[in-house]
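Please find one structure pasted underneath; my questions will follow.
The values are calculated or read from the model by the stated rules, or taken from the named source; none is laboratory data. Predicted, not measured: the structure shown is a model, and the values here were computed from it. In this analysis, Cβ positions are derived from the backbone assuming ideal geometry, glycine residues included, and neighbour counts consider all displayed protein chains. Heavy atoms of the whole protein, side chains included, go into the accessibility calculation; ligands, DNA and RNA do not. Shrake-Rupley method; radii C 1.70, N 1.55, O 1.52, S 1.80 Å.
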Number of protein chains: 2
Amino acid sequence: MTLVPSPRALVPFVSVADMMRLVHAIGVEPMLTGIAGTIEEDFRRWEGFERTPRVASHSDVGVIELMPTSDGELYGFKYVNGHPKNTREGLQTVTAFGLLANVSNGYPVLLSEMTLLTALRTGATSAVAAKYLAPKGARTMAMIGNGAQSEFQALAFRAVLGIDTLRLYDIDPAATQKCRANLVEQGFHVTACDTPEAAIEGAEIITTCTADKQYATILTDNMVGAGVHLNAIGGDCPGKTELHRDILLRSDIFVEHPEQTRVEGEIQQLDADHPVTELWQVITGAAPGRREAAQITLFDGVGFAIEDFSALRYVHKKSGELGMRQDLDLLADPDDPRDLYGMLMRSR
Amino acid sequence: MTLVPSPRALVPFVSVADMMRLVHAIGVEPMLTGIAGTIEEDFRRWEGFERTPRVASHSDVGVIELMPTSDGELYGFKYVNGHPKNTREGLQTVTAFGLLANVSNGYPVLLSEMTLLTALRTGATSAVAAKYLAPKGARTMAMIGNGAQSEFQALAFRAVLGIDTLRLYDIDPAATQKCRANLVEQGFHVTACDTPEAAIEGAEIITTCTADKQYATILTDNMVGAGVHLNAIGGDCPGKTELHRDILLRSDIFVEHPEQTRVEGEIQQLDADHPVTELWQVITGAAPGRREAAQITLFDGVGFAIEDFSALRYVHKKSGELGMRQDLDLLADPDDPRDLYGMLMRSR
């Protein structure tokens, strides 16, 4: 039987293999810069987006989430899971895929893998925040947590801010060795450290990116000195935090979407009315970013749907230009739209 | 460049062509019966499901929705749009796809087209409701609205209840002719009618299934006599209803998920505390269905996530047994789950 679907029935699909080809064709750092630019563009028009908190399905061992948004022309959503115990079973902690559709007719225009793309957009978002919040001229970043996200953070911070020196720590030395090997190959100056205390020495930026679902204290209060920018991205769901509460009380805190971050971020440890600044307002200039050298700034990043929308928008454009996608027979398209049944019968 | 993804990176995918092959391999009516059985099975364990109202993104011309649910072992969601004006542009009013994933690790186990599958599950759900609510021995059904869903309703009602006589009406005679031709070929006794009044003559079941997004009055109060079962499935979003309010006041009303139906169904016309019965309670025997011959029963169907879950569960099983699906390279699966970046680099 041959069934040739009409062009309208086909949805452009970026597989994992396509995404890897796309990254190599563009280059990792240019792609991170491109996604960061698209995120900034979309954050500037923040108020034009639907901002729905993600829809989470929690279980004892993890969470599955849907993250939808729309700018009135395009609708996007991401499916993403978070299962910290997966690593021990040889599986990814986070897997994801996403979709863009036309608001005007509801037809999808892109289906894409987003495990890799989420890693890229998470790095890009952190780098955008740091561009407005980190001390000027920062070159050295400490990274506590050297898992799947760590290299993307490092590369995004080099691409956007010029960070070239890294100090790594992970409770699992094998993770640090993996991360170190990957990043030395990319020309970073990398020091593998035995303790978190050693890792943060001389660092102008501290990235915390650990995966365990618990109230952890990766950094204690005495470890964080004046003038540092904290990029805290591992605390991203209820019951999962990384920083001691006292650090938060000494920091100026910047978030993506307060309604979501108060539930999922480091600030779930604080009162519900603790003052925070929305990152998009810093980008538009409506609110100040870093005001003085001694200030401790904290980006309490949990990941928001608009970042995924931006990443999908970038991939939609680039995968089209470079022809790095396939056609997926995802939509039924009968000749007469009222005759879905007739299409089914004629296919016999 | 050759990239051979690992088996864990591949997600079974049922395309539109696969779904059509599956329908023909099983047979339309046996498949409708199978889906109806799975829906009944899942409605019996209703309280074990997560029941999240769907997450809707409304625009002037339509809606895009995500419908998630979980039974604790499997998680499912559907993407679906509703754009009544699409038909005039040669597009489907409703297109959909869906996913099943393991709750234990968040990995998808099935991605499937759901434009056809939604049509099948909507027919199956109506038939399940009618099995408990329609007058015993009913053979004749009036169908007001003869669009893409109509044939699936008719076939489901024959498969589950033995309906063999149909009386059709649509404001567009071409839609009625299309539906009539399709169903005569399937051996139904079909009468095409010029008015809704003519269509309902002698019908024990009246199905309303029209698409315009407005408060319409497909049926007025004087048209609905004692003992009829109303299967009202076209009123399914805010501002979109089909029945005159007075009909509702004379009927015993059965719904899927009251929280959702009060916003989207016919009963959006009634007070928020108007009594309704949940269909799952009728199926388990906790609440009565039809009690007497003169009673007017109304199934105010809007479509709920558990029905899609049931349909996906059925397709997951059958597409596996019959080998009617493909492998989609949707998930990144590095050898070392912490080394997503290394996987990317090695693919170069």
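Tell me, what ³J(HN,Hα) does each residue in region B:69-82 have, in order and in whole Hz, if you take phi through Karplus 6.51 cos²θ - 1.76 cosθ + 1.60 with θ = phi - 60° and put x for Gly and Pro?
7, 7, 9, x, 10, 10, 10, x, 8, 10, 9, 8, 10, x
If you don't mind, there's one more thing I want to ask. Find how much the distance from residue B:259 to residue B:73 grows on full extension, using 0.36 nm per residue of separation minus their present alpha carbon separation; answer in nm with one decimal.
Difference between extended and current length: 64.5 nm.
Okay, next question. So for region A:169-297, taking the charge dipole from beta-carbon charges (+1 Lys/Arg, -1 Asp/Glu), which of A:258, A:182, A:222 sits furthest toward the positive end?
Of A:258, A:182, A:222, it is A:182.
Mind checking the full-extension length gain between residue B:172 and residue B:88? Use 0.36 nm per residue of separation minus the Cα-Cα distance, one decimal, nm.
Going from the current span to full extension adds 29.0 nm.
Run the count for chain A, please: Lys pairs, Cα-Cα under 19 angstrom, 8 or more apart or on different chains.
Summing the qualifying lysine pairs gives 5.
Which net charge results for the neighbourhood of residue A:177, defined as the other residues with beta-carbon distances under 12 angstrom from its beta-carbon, given Lys and Arg at +1 and Asp and Glu at -1?
Its environment carries a net charge of -1.
Mind checking how much accessible area A and B bury in total, 1.4 Å probe, in Å² rounded to 100?
It comes to approximately 7100 Å² buried between A and B.
Based on Cβ point charges of +1 for Lys and Arg and -1 for Asp and Glu, what charge dipole magnitude is obtained for the protein assembly as shown about its Cα centre, in debye rounded to the nearest 20?
Using Cβ point charges on Lys, Arg, Asp and Glu, the protein assembly as shown gives about 1080 debye.
What GluC sites (Glu not before Pro) does region B:35-92 have in DSSP loop regions with at most 11 other beta carbons within 10 Å?
Counting only loop positions with at most 11 other Cβ atoms within 10 Å, the GluC sites (Glu not before Pro) in region B:35-92 are B:73.
Could you tell me the relative contact order of region B:127-303? Use alpha-carbon pairs under 8 Å, at least six residues apart, and round to a whole percent.
23 percent
Hull surface divided by four, with the convex hull built on the Cα atoms of chain A: how many nm²?
19.1 nm²
Mind checking the dipole of region A:46-115: about its Cα centre, +1 per Lys or Arg Cβ, -1 per Asp or Glu Cβ, Debye to the nearest 20?
That gives a dipole near 240 debye.
Here's a follow-up. Run through the other copies and list how far each one's label point is from that of residue B:291, in nm with one decimal, shortest first; the point sits 7 Å from Cα along Cα-Cβ.
Residue B:291 label point versus its equivalents elsewhere: 6.8 nm.
Percent antiparallel among DSSP beta bridges with both residues in the protein assembly as shown, to the nearest 5?
Approximately 50 percent, going by the DSSP bridge assignments.
Hey, another quick one. Given a 1.4 angstrom probe, I'd like the percentage of the accessible area of chain A that is carbon and sulfur, rounded to a whole number.
Carbon and sulfur: 49 percent of the exposed surface of chain A.
Farthest toward the dipole's positive end in region B:78-231, which of B:192, B:83, B:128, given Cβ charges of +1 (Lys, Arg) and -1 (Asp, Glu) about the Cα centre?
B:128
For chain A, what does the relative contact order come out to in percent, with C-alpha contacts under 8 Å and a separation of six or more?
21 percent
Right, next: Across peptide B:108-120, what mean number of C-beta atoms from other chains lies inside 10 Å of a residue's C-beta?
The per-residue average across the peptide is 3.
Kindly report, to the nearest 10 Å², the accessible surface of residue B:193 as traced by a 1.4 Å probe over protein heavy atoms only.
Result for residue B:193: roughly 20 Å² accessible.
Relative to the other copies, what are the label-point distances for residue B:24, with labels 7 Å from Cα along the C-beta vector, expressed in nm at one decimal and sorted shortest first?
The answer, with the shortest distance listed first, is 3.9 nm.
Another question about this same structure. Would you list B:26, B:296 from the most to the least accessible area, probe 1.4 Å?
Greatest to least solvent exposure: B:26, B:296.
I've got another one for you. Work out the charge dipole of chain B with +1 on the Cβ of Lys and Arg and -1 on the Cβ of Asp and Glu about the Cα centre, then indicate which of B:247, B:58, B:211 is farthest towards its positive end.
Highest projection toward the positive end goes to B:211.
Now for a different question. Show me, for region B:214-225, the HN-Hα J-couplings you get by feeding each phi into the Karplus relation (A = 6.51, B = -1.76, C = 1.60, θ = phi - 60°), rounded to Hz, glycine and proline as x.
Once θ is set to phi - 60°, the couplings for region B:214-225 become 6, 6, 9, 10, 5, 10, 9, 4, 5, 7, 9, x Hz.
So, with +1 on the Cβ of K and R and -1 on the Cβ of D and E, and no other charges, what is the size of the charge dipole of region A:127-303 about its Cα centre, to the nearest 20 debye?
So the dipole magnitude of region A:127-303 works out to roughly 480 debye.
Related question: For residue B:109, which sequence-distant residues (separation of 5 or more, or a different chain) have an amide H within less than 5 Å of its own amide H, given hydrogens modelled in the peptide plane?
Close amide H contacts, sequence-distant or interchain: B:100, B:101, B:102.
Under a GNM of chain A (C-alpha, springs under 10 Å), which listed residue has the highest mean-square fluctuation: A:156, A:17, A:199?
With Cα springs under 10 Å in chain A, the top fluctuation among A:156, A:17, A:199 is at A:17.
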